[in-house]
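Colleague: Attaching a single structure in structure tokens format; questions to follow.
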Amino acid sequence: MNLILEFLLLVGVIIYSYLESLVKLFIPRRRKSVTGQTVLITGAGHGIGRLTAYEFAKQKSRLVLWDINKRGVEETADKCRKLGAVVHVFVVDCSNRAEIYNSVDQVKREVGDVEIVVNNAGAIYPADLLSAKDEEITKTFEVNILGHFWIIKALLPSMLRRNSGHIVTVASVCGHGVIPYLIPYCSSKFAAVGFHRALTAELDTLGKTGIKTSCLCPVFVNTGFTKNPSTRLWPVLEPEEVARSLINGILTNKKMIFVPSYINISLILEKGPGFSSKHPHGGSQQPVTPIPGDLTPSSDFLKH
């Protein structure tokens, strides 16, 4: 019975993907210009954050890059400058509220108002719940969701005055479905998706239609920190594909950016956890563990 249901789900996903492709072919979304706009990207020292910075550099945006890793963020900045962008680098711990507020003040003094913010910095500590360390659970929430609150609280007033801006939340499909051995991470990503939706609704209620919001929700991304992701229908993505989907979603003001796009309908059809808790041939899923060269379900990684 499960195989029949999974086959029907697969057929539905394929049909949806073809229909979506046809719609995009004949009715392409208009892309906005971000040339000259100031874009703040957190977690820009590697992974999705770095590649997103490259995409904005190609658009000739002015970049403000944050990361806790000084070497990593400077390497990103060097490449962006070679692509023709003006870049400002800040070493920031996105789990530290005071540091976030101080850094935003410094950005305002030295660069000016931020027009687009990409809250990308993330933390993941794979473990079963009872093995998870208290401080790692705390750090996961500080980076993956509380940092979003502090950054947006600091940047939103100027956006409200201008009725202009774009707030991007990098979450995960783990904010819609769940996977074992990642309870703190999944919980924090559910919170990030909720933050995006609630903020979108509040801005709409305030009549601030000029402030756009987007939320990125990719499936497994090959950024090299965990192994043993188990899924039957969902592919493992390369970071470049996710970054391209993100920049396209931002330029077309797309509110929810699933990568791949059919994940949206897959979640609806499945009506349950978004991940398989067993391997395709039966047997229990092995714990995901941080091992270089393998896979992570996060869209970025930051381990303090």
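The values are calculated or read from the model by the stated rules, or taken from the named source; none is laboratory data. What you see is a predicted model, and the numbers here were worked out from it, not measured in a lab. Using ideal geometry, Cβ is built from the backbone for each residue, glycine included, and neighbour counts are taken over all protein chains shown.
Colleague: Does any residue in the range 136-164 that is farther than 16 Å from L199 by Cα come within less than 8 Å, Cβ to Cβ, of a residue that is among the acidic types (D, E) and not in a helix (DSSP H, G or I) six or more places away or on a different chain, and which pairs are these?
Modeller: Matching pairs, first to second residue: R162/D113.
Colleague: Among the residues of the range 102-135, which ones are crowded, with 18+ Cβ neighbours inside 10 Å and either within 15 Å of the chain's Cα centre (by Cα) or free of Cβ contacts under 8 Å to residues at least 60 places away in the same chain (or both)?
Modeller: Across the range 102-135, the qualifying residues are S103, V104, I116, V117, V118, N119, N120, A121, G122, A123, I124, A132.
Colleague: Sticking with this one: Does the range 75-95 contain any residue that is surrounded by 22 or more Cβ atoms within 10 Å (Cβ to Cβ), under 27 Å from R162 (Cβ atoms) and among the polar types (S, T, N, Q)?
Modeller: Scanning the range 75-95 turns up no residue that is surrounded by 22 or more Cβ atoms within 10 Å (Cβ to Cβ), under 27 Å from R162 (Cβ atoms) and among the polar types (S, T, N, Q).
Colleague: What are the residues in the range 53-86 that are part of a helix (DSSP H, G or I), under 18 Å from the mean Cα position of the chain (by Cα) and either within 16 Å of V114 (Cα to Cα) or at pLDDT below 95 (or both), if any?
Modeller: The answer is A53, F56.
Colleague: Follow-up. Could you grab me the full set of residues in the range 87-121 that are assigned to a strand (DSSP E or B) and in contact with a Cys (Cβ under 8 Å, 6 or more places away or on another chain)?
Modeller: Once the filter is applied, which keeps residues that are assigned to a strand (DSSP E or B) and in contact with a Cys (Cβ under 8 Å, 6 or more places away or on another chain), the range 87-121 yields only V87.
Colleague: Only one of S261, S245 is at pLDDT 55 or above and assigned to a loop (DSSP other than H, G, I, E, B); which?
Modeller: Among S261, S245, only S261 is at pLDDT 55 or above and assigned to a loop (DSSP other than H, G, I, E, B).
Colleague: Quick check on I268: is it at pLDDT below 95, over 20 Å from R50 (Cβ atoms) and in a helix (DSSP H, G or I)?
Modeller: For I268, the condition - at pLDDT below 95, over 20 Å from R50 (Cβ atoms) and in a helix (DSSP H, G or I) - is met.
Colleague: Given the structure, is R161 closer than 19 Å to L40 by Cα and not small (G, A, S)?
Modeller: Considered against the rule, which asks whether it is closer than 19 Å to L40 by Cα and not small (G, A, S), R161 comes out as yes.
Residues checked against (1) within 18 Å of R161 (Cα to Cα); (2) surrounded by fewer than 21 Cβ atoms within 10 Å (Cβ to Cβ); (3) modelled with pLDDT of 80 or more; (4) over 20 Å from the mean Cα position of the chain (by Cα):
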{"residue": "A192", "(1), (2), (3), (4)": "no, no, yes, no"}
{"residue": "E202", "(1), (2), (3), (4)": "yes, yes, yes, yes"}
{"residue": "K208", "(1), (2), (3), (4)": "yes, yes, yes, yes"}
{"residue": "N222", "(1), (2), (3), (4)": "no, yes, no, no"}
{"residue": "F225", "(1), (2), (3), (4)": "no, no, no, no"}
{"residue": "S230", "(1), (2), (3), (4)": "no, yes, no, yes"}
